Amino acid sequence: MSRYNPSQSEPRWRAAWDQADSFKSGADPSRPKYYVLEMFPYPSGRIHVGHSRNYTMGDVVARYKKARGFDVLHPMGWDAFGLPAENAARERKVNPRDWTYENIEAMKGQLQRLGLALDWSKEIATCDPEYYKHQQAIFLKFWEKGLAYRKSAKVNWDPVDNTVLANEQVIDGKGWRSGAPVEQRELEQWFFKITDYADDLTDGLEGLTRWPEKVRLMQQNWIGRSRGAHVRFPVANAAEHLGAEAVALGDRIEVFTTRPDTLFGAAFLALAPDHPITRHIAQDNPDIAAFIRRCEQMGTSEEDIETAPKLGVDLGLRVKHPLDPDWELPVWSANFVLSSYGTGAIFGSPAGDQRDLDFARKYDLPVKPVVLPPGADAATHTIEDEAFTGVGVVYNSAEWLNGLETPEAIETVISKLEEAGLGAGATTFRLRDWLVSRQRYWGCPIPVIHCESCGAVPVPEDQLPVRLPEDVSFDRPGNPLDHHPSWKHVDCPRCGKPARRETDTLDTFVCSSWYFARFTAPVEDAPFEAEAAARWLPVDQYVGGIEHAILHLLYARFFTRAMRDCGLVDLPSGEPFEGLFTQGMVVHETYRAEDGRWLLPEDVEERDGSVVEIATGKPAIRGALEKMSKSKKNVVDLDRFIADFGADTARWFVLSDSPPERDVEYTESGVEGVWRFIQRVWSTIDALPLSETLPKPVTPAAGAKGEALALRKTAHRSVAEVTDAIEGFRFNSGVAKLHDFANALRKTEGSNAEGMLAARAEAAGLLAQLLAPFMPHLAEEIWARLGGEGLICDAAWPEPEAALLEDETATLPIQVNGKRRSELVVAKDASPDEVEALARKDEHVKRVTDGLTIRKVIVVPGRIVNVVAN
RNA sequence: GCCCCGGUGGCGGAAUUGGUAGACGCGACGGAUUCAAAAUCCGUUUUCUUCGGAAGUGUCAGUUCGAGUCUGACCCGGGGCACCA
């Protein structure tokens, strides 16, 4: 009996796949296409077992779809621009380019050793000028179309990474990479007009039925569409308080509200502290200037905001109620009004909004309820400390409005406002435009030249790419492109006068917003071939981490729409990813020394129930299970793992036990279990007689009886079950079913029943085919051993024989009053009456119903019998 | 505070439309093999039990002939959003 040796077997099969060009896409355009993609990696160094889960899942799908007859595109590339390369340059004095390409080479080898069915002919690296020159062309196209623009705005500044960040990259007020608290700076920067698509991006979510509900919800919340109205309040005493500039600032104050139906409950207007009118009045009013300063000094952290009291100051300004000219309202400035949302101004309706109520109570402003909650009595309903924010019936308002239900009242008020020319229905969004400038070196240069006479001028297309200079110095902080002696000095392409090159680079999320399109045909003279993109897009199955739920996945959806509208891609929906799967991580135990150092799991051991560091003998602390990461020292290197156990073990392990969307814990014993399984499968195959005497593995063992028939049933049932599991992304269930199947096959060893050899040969062939997407090397080895034709990766997926999926008899559980008491073996086509009669005669049923009357017997054919007795 | 997801043996988890709860794996225990160990193989493994059976899927109620699955309230864990008008 031989053992299975992956280190000998696996390289042989990878060479065979390479030689046959097995995974080349587009080989047969008559087949339906299937595009499967895993989020491409950042070349950070080396791949560990944690990374491999993502690629393995995509690979199962790719291999399965190929077997199902699809022309599969499964490419791989490198999200190669980014800060770690610059940090490496600073710390180790290496060139970011060299560092990146070395990592790419190392990681490519690792991915290849994992046995992934990838089409490497489509490989791309975003830091390659061949890639980013097209990105620069797309940028210029967006600019031409008004989808890219430059403006001065308050932006998020990361003081550690020394660059600005998009809103999406600020998590809890901190930079997404550095974790440093973000500062606000007024800078002139490039933006993409993602807000143009805010509506469409929200509406499009509904069609993404193969996306996780959770991701769609997160995007919906992030875009934050609210429908309501803009309402303009005429200023009653503008001349007094705003002076000659009243007209410039507007003699009306516009607010946004989602509840125009509560307009008659208005008690005040409130402006943001940095609203232009607030600022203007503050020029001559020290009290208000002091208030603004005080608001600016307030923290922006979660805790600060939660505990911050409502603060405000009366600006002295008064406005007229838009639907009642005799009614004047005071105008305040309040710290809870944000200048960045809506119009930066609100009308306070204290009975219907908790913040307004808190504010009104504090400053003694009137609280008039105008919405009557369902079931409440108009005569007695009052508001104390809690506002009523729900829907109901309007009262205490204008005659024409009283008595209307909330939705109708909203519509009615909007029409009245429109008639009066003082408002209109409106939709606002939380989403802001995407800030894409970065003050970094290792990114795609923005192809713009700044000229004193001509302004910002696009680099002519025939001069693209604008290449990054390679002779850069990281000796001082800041952007090396700014410090470069010559790179930024160019002549204006329009007037020829000396000008300055834009030294900002594009956010690396721009690179990942269209790479999936370039994969379809990475040609030289275009971002991608329009025809190829039209055939392959959208991606049928995308696999990646949940951490990109908003960032990458939202940007890519925007970018695809923008490319569509620039005529670059023919994809009417604008949706790049038809199916999305967000996989869980591989987590592993962590250990720390008492002084806080992270320790490798192999550097600690258990002594008398507690953990100690082997080197020092000092106690160590067992930490939480954490996602594998270098900084926590709990990674398992993929090369090391493959050398010890083989790629198939890694693949099988990361798919076992936990559902794909949840985390899976890395354990030595789990890995050993996989190793045992592989050896057992191999020895089961090895126990079959030599291939010459065996039927070919695809031959049905027709006419089997008894034990042989039972094995055939198990085999064909397994085909159906494993197929379902793969289709439904339940790889852990597929793994379990394959365990069952392999165990069943193994149990038939030594049986001399009639027709058994043929049945075993057939089953072994089916087992190999079902294993193939999960453990492709072992599957090839078995296939060859059985004398299968060609490579198993080229074989068509097996179809179960329908007749073998059904039994002639059914085992029905019998319940009495819902409790299982017995079971009954009946013919599959037994009539309900027969089954009922048998159930009534059952010994256990008789015993349990002794002394009771059987009221009813429910027979669910083929499933269950329930006897109701009392 | 709002929204979403989850809670099943010692552990990871299975049970896809309401129909035999605990598949499969890990661990543990017992046995075989061995001078011994490793490896391997066989068996047991939800709990209680008077060995007939009884209880059991976070808690409490409900719907149903029948609930892990559906409904309501609550408890616990995880995630997202957050003075967003």
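General observations
- Positive end of the dipole of chain A (Cβ unit charges, origin at the Cα centre): among A:His844, A:Leu118, A:Asn5, the Cα lying farthest that way belongs to A:Asn5.
- Rotationally averaged projected area of region A:36-192 (alpha carbon convex hull; nm²): 12.0 nm²
- Each label was represented as a point 7 Å from its Cα along the Cα-to-Cβ direction; for A:Gln112 and A:Glu547 these points are 2.8 nm apart.
- Neighbour counts of C-beta atoms inside 10 Å place A:Cys444, A:Cys454, A:Cys793 in the sequence A:Cys454, A:Cys793, A:Cys444, starting with the fewest.
- Dipole in debye (nearest 20) - region A:362-409, about Cα centre, beta carbon charges: Lys, Arg +1; Asp, Glu -1: 100 debye
- Shape index of region A:322-385: Rg/Rh, with Rg the Cα radius of gyration and Rh the Kirkwood radius from the inverse mean 1/r over Cα pairs, equals 1.00.
- Shown here for region A:571-629: GluC sites (Glu not before Pro) in loop regions (DSSP other than H, G, I, E, B) with at most 14 other Cβ atoms within 10 Å, namely A:Glu594.
- Counting neighbouring beta carbons within 10 Å and listing from fewest to most, the residues A:Asp595, A:Asp794, A:Asp79 come out as A:Asp595, A:Asp794, A:Asp79.
- Kirkwood Rh and Cα Rg combined as Rg over Rh, evaluated for region A:637-778: 1.00
- Here the mean projected area of the convex hull built on the C-alpha positions of region A:124-281 is 14.8 nm².
- DSSP-assigned coil residues among chymotrypsin sites (Phe, Trp or Tyr not before Pro) in region A:135-233, each with at most 14 further Cβ atoms within 10 Å: none
- Distant alpha-carbon pairs in region A:312-443 (separation over 24 angstrom), percent: 43 percent
- Within the same chain, aspartates and glutamates fewer than 8 places from A:Lys174 are excluded, and of the rest, those with a Cα less than 15 Å from its Cα are A:Asp158, A:Asp161, A:Glu183, A:Glu302, A:Glu303, A:Asp304.
- Dividing the convex hull volume of the alpha-carbon atoms in region A:4-97 by its residue count gives 156 Å³ per residue.
- Loop-located trypsin sites (Lys or Arg not before Pro) in region A:823-867 whose Cβ has at most 13 other Cβ within 10 Å (DSSP): A:Lys828, A:Arg863
- Sorted by Cβ density within 10 Å, fewest first, the residues A:Tyr363, A:Tyr666: A:Tyr363, A:Tyr666
- Pairs spanning more than 32 Å between alpha-carbon atoms, out of A:Lys93/A:Lys151; A:Lys151/A:Lys320; A:Lys705/A:Lys737: A:Lys93/A:Lys151; A:Lys151/A:Lys320.
- Backbone N within region A:332-373 under 12 Å of label point (7 Å from A:Ala153 Cα along the Cβ vector): A:340-341
- DSSP finds beta bridges in chain A, and of those with both partners inside it, around 80 percent are antiparallel.
- Reduced Cα scattering model of region A:831-870, Debye log10 I(q)/I(0), q = 0.14 Å⁻¹: -0.27
- For the listed residue pairs A:Lys193/A:Lys497; A:Lys214/A:Lys627; A:Lys141/A:Lys193; A:Lys310/A:Lys362, the alpha carbons are over 19 angstrom apart in A:Lys193/A:Lys497; A:Lys214/A:Lys627.
- Charging the Cβ of each Asp and Glu at -1 and of each Lys and Arg at +1, and nothing else, the dipole of region A:753-811 about its Cα centre rounds to 300 debye.
- Cα convex hull volume per residue for region A:507-607 (Å³): 162 Å³
- At the listed q of 0.14, 0.21, 0.28, 0.32 Å⁻¹, the Debye profile of region A:634-688, built from one uniform point per Cα, gives log10 I(q)/I(0) equal to -0.41, -0.82, -1.18, -1.32.
- Reference-scaled alpha-carbon Rg (2.2 N^0.38 Å with N residues) for chain A: 1.20
- Diffusion of region A:792-848 by Stokes-Einstein, at 25 °C in a medium of 0.890 mPa s and with Rh set to the Kirkwood radius over alpha-carbon pairs, works out to 177 µm²/s.
- Relative to the compact-globule estimate of 2.2 N^0.38 Å, the Cα radius of gyration of region A:121-166 comes out at 1.57.
- Taking 0.36 nm per residue of separation and subtracting the Cα-Cα distance, full extension of the segment from A:Glu806 to A:Asp850 would add 12.2 nm.
- Over 28 Å between alpha carbons, listed pairs A:Lys828/A:Lys856; A:Lys747/A:Lys846; A:Lys66/A:Lys696; A:Lys65/A:Lys696; A:Lys488/A:Lys630; A:Lys66/A:Lys108: A:Lys747/A:Lys846; A:Lys488/A:Lys630
- Cα-based helix-to-principal-axis angle, A:213-223 vs chain A, degrees rounded to 10: 20 degrees
- Magnitude of the charge dipole for region A:500-609, about its Cα centre and with charges confined to Cβ atoms of Lys, Arg (+1) and Asp, Glu (-1), is about 620 debye.
- Hull-based mean projected area of region A:49-91, where the convex hull spans the alpha carbons, in square nanometres: 4.2 nm²
- The residue among A:Leu786, A:Met756, A:Pro773 whose Cα reaches farthest toward the positive pole of the charge dipole of region A:741-791, with charges on the beta-carbon of Lys, Arg, Asp and Glu, is A:Met756.
Laboratory data are not the source of any read-out in this text; all were calculated from the coordinates shown. On a predicted model such as this, the values are computed, not experimentally measured, just so you know. Counting neighbours? That spans all protein chains shown, and the Cβs are built from the backbone with ideal geometry, glycine included.
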